[in-house]
Amino acid sequence: MDNVAFGKTGLQVSRLGFGAAPIGYLKTDRERVGKILNLLLDEGVNVIDTAASYEGSEEEIARAVGHRRDEFVLISKCGGKVPQAQGEAWSAELIRNTVDAALRRLQTDRIDVMLLHSCDLTTLKKGEALGALVEAREAGKIGFAGYSGDNEAAAWAAGHKDVAVIETSVNLVDQINIDLVLPEARKHNVGVLAKRPIANSAWRGLEAFSSFYPHYVKPYWERFQGLRLTPHDLGFQSEQDWAEIALRFTLAQPGVHTAIIGTTNPDNARANIAAANKGPLPAEAVKTIRDAFKHAAAEGWPGLT
């Protein structure tokens, strides 16, 4: 898999990355975690993104691929209240404690990138939370500080001198950050991880998520219907192509370095790798999707969070 320079960090990252939320939220069994993570590393995927709030995910990453620590860029997120760290949300105390706890749970002496996990713009501007990450960076506990979030807060963070990495939503049905955040990231040479690149598989319909999080998927599904696009409109043949279309659309956006997908299904992981290896979606298809979004968004589609 192709690697690209990750903004001003000096790191090289694969175009596809792994999002570890399902490891925690879905309480994925240990054998499956090991299988999926080792498969991804074997295939050249070298970005693993986790968070303090993905309960259990950091420990499982350490167990599964801790012995391969030098093969991947490790990214975690912090700032919200979590059981394993004392302190008020977004306080310097909580962030210091969360970073230290993450190092223990991940069984490593460094976290390559630590991101503030979606605090609002007012909290971000206060500076205490970001300042705590800078202290952790200066202490050698993390390599780079950054921000995970969307819309105005992510755009502001992308212009801050101490922010080296942004994680933000970029997908078929949530294109706001393409125009709001990515230009700022490019201007300041900030590394960008695109989250939700396959738009929560919105084409599968709400019934596919009846036992998981339909309330979360619903706005994605509604917007997907509003695009009024078919695979044939984009040069593809089958409804089965939507996952590839979505991923390659995200990877086609200027300034996106890697797109992270959380899956615990090895077959899906292999399909995502194959799609990423095909490269960005052709420019004509990208334009068709962008035009469809602009037409549909005229009814009022704010950025999703």
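Each value in this text was obtained by applying a stated rule to the coordinates, not by laboratory testing. None of the values given here were measured: they were computed from a predicted structure. Reconstructed Cβ throughout: ideal geometry from the backbone, glycine too, with neighbour counts over all protein chains shown.
Given the DSSP H assignment, sum -39500 (n - 2.57) over each helix run of at least 4 residues in the chain and divide by its residue total; what's the result at 222 nm in deg cm²/dmol, nearest 500?
Taking each H run of at least 4 residues, the total per residue is -12500 deg cm²/dmol.
So how many Å³ per residue does the convex hull of the Cα atoms of the range 99-244 work out to?
Taking only Cα atoms, the range 99-244 has a hull volume of 150 Å³ per residue.
May I ask for the net charge around Arg290, where only other residues with Cβ less than 12 Å from the Cβ of Arg290 are counted and Lys, Arg are +1 while Asp, Glu are -1?
In short, -1.
Sequence neighbours fewer than 8 away in the same chain don't count; with that in mind, list the lysines whose C-alpha is under 17 Å from Lys161.
Cα-Cα hits under 17 Å: Lys8, Lys125, Lys126, Lys187.
I want to verify the translational diffusion coefficient of the range 162-305 in µm²/s; compute it with Stokes-Einstein, Rh as the Kirkwood radius over Cα pairs, at 4 °C and 1.567 mPa s.
Reported coefficient: 83 µm²/s.
Taking neighbour Cβ counts within 10 Å as the exposure measure, how do His295, His117 sort from fewest upward?
Exposure proxy ranking, most exposed first: His295, His117.
Under 12 Å Cα to Cα from Lys141, which aspartates and glutamates show up? Leave out anything in the same chain fewer than 8 places away.
Asp100, Asp109, Asp112
Roughly speaking, what is the stretch gain from Arg104 to Arg186, that is 0.36 nm per residue apart minus the C-alpha to C-alpha distance, in nm to one decimal?
Working it through step by step, the gained length comes to 26.1 nm.
Under a 10 Å cutoff between Cα atoms, tell me which one of Arg68, Arg248, Arg137 has the largest fluctuation in the Gaussian network model of the chain.
Arg68
Filter the chymotrypsin sites (Phe, Trp or Tyr not before Pro) in the range 121-159 to those in DSSP coil with at most 15 other Cβ atoms within 10 Å of their Cβ, and list the result. Can you show the working numbers first?
On the way: sites: Phe144, Tyr147, Trp156; in loops: none.
Hits after loop and neighbour filter: nothing returned.
Quick one: order Lys81, Lys141, Lys278 by neighbouring beta-carbon count within 10 Å, fewest to most.
With the fewest neighbours first, Lys81, Lys141, Lys278 line up as Lys278, Lys81, Lys141.
Gain in length, Asp291 to Gln237, computed as 0.36 nm per residue apart minus the alpha-carbon separation, to one decimal in nm? Working shown, then result.
Working: separation 54, 0.36 × 54 = 19.44 nm, distance 2.05 nm.
Full extension of this stretch gives 17.4 nm more.
Which ordering of Ile273, Ile75, Ile261 is given by a fewest-first count of other beta-carbon atoms within 10 Å?
The fewest-first ordering by Cβ neighbours comes to Ile273, Ile261, Ile75.
Angle check, please: helix 128-138 long axis (alpha carbons) against the longest principal axis of the chain (alpha carbons), in degrees 0 to 90, nearest 10.
For helix 128-138, the angle is close to 70 degrees.
On a straight-distance basis, which lysines could pair with Lys294 in a cross-link, Cα separation under 21 angstrom, same-chain partners fewer than 8 positions away excluded?
Lys195, Lys218
Does the range 1-77 come out rounded, prolate or oblate by the C-alpha gyration tensor, with a ≥ b ≥ c the root eigenvalues, rounded set by a/c under 1.5 and, if not, prolate when a/b is larger than b/c and oblate if not?
prolate
Given points 7 Å out from each Cα along the Cα-Cβ axis, report the Ala89 to Ala139 separation in nanometres with one decimal.
With each label point 7 Å from Cα toward Cβ, the separation is 2.3 nm.
Taking H as built 1.01 Å from N, whose amide H comes closer than 5 Å to the amide H of Gly143, not counting residues under 5 places away?
Close amide H contacts, sequence-distant or interchain: Ile111, Asp112, Val113, Met114.
Send over the per residue convex hull volume for the chain, Cα only, as a whole number of Å³.
Enclosed volume per residue, from the Cα hull, is 122 Å³.
Express in % the proportion of alpha carbon pairs of the range 56-185 at distances exceeding 20 Å.
Within the range 56-185, distances greater than 20 Å cover 45 percent of Cα pairs.
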